[in-house]
């Protein structure tokens with residue numbers, strides 16, 4: 001798996017950039033998996049957490065979680081810029097954190113159980 005880490009890290013950074021651009025572009029033009037904004041947030045942060053968890057296997061889950069949560073907060077603060085015509089929401093941030101925790105648990109829990 002170690003030989004795949006550079007590719008996985010590249011995929012993570014591409015996904016992170018995509019998520020940020022999608023989050024700050026006008027809502028009508030933003031790519032969407034679902035009409036539900038919360039589902040879109042959760043899909044993005046679940047994906048980011050899984051990619052980060054497998055791309056940086058020796059980095060602590062808490063470290064990854066805190067950084068991804070900070071990224072979620074950055075998105076919400078950016079969406080407060082009036083010119084972007086987006087709506088910031090604390091509940092979107094909660095959805096981000098719930099999804100990233102689930103993603104990290106999916107990746108890290110089996111390894112922790114195996115010891």
Check your understanding: Using alpha carbons only, how many degrees (0 to 90, rounded to 10) separate the axis of helix 37-55 from the longest principal axis of the chain?
Key -> 30
**Study point:** Nearest-ten-degree value, helix 61-78 long axis tilted from longest Cα axis of the chain
**Key:** 10
Revision key, fill the gap. Where a ≥ b ≥ c are root eigenvalues of the Cα gyration tensor, a/c under 1.5 meaning rounded, otherwise prolate if a/b exceeds b/c and oblate otherwise, segment 16-70 counts as prolate
Check your understanding: Quick one: if the Förster radius is 35 Å, what FRET efficiency do residue 94 and residue 58 give, using the C-beta to C-beta distance and rounding to 0.05?
Key -> 0.75
Revision key, fill the gap. A chain fully extended from residue 87 to residue 25 at 0.36 nm per residue, minus the present Cα-Cα distance, gains in nm 21.2 nm
Review point. Could you state the number of Å between the C-alpha centres of segment 11-51 and segment 56-77?
Key: 15
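Can you give the calculated 222 nm mean residue ellipticity of the chain, where each DSSP H run of n ≥ 4 adds -39,500 (n - 2.57) and the sum is split over every residue, rounded to the nearest 500 deg cm²/dmol?
Numbers: 4 runs with 82 residues, N = 115.
The per-residue figure over the chain is -24500 deg cm²/dmol.
A short reminder: the numbers here are calculations on the coordinates, not readings from a lab. Because the structure is predicted, anything quoted here is derived from the model rather than measured. Virtual Cβ from ideal backbone geometry, glycine too; neighbours counted across all protein chains shown.
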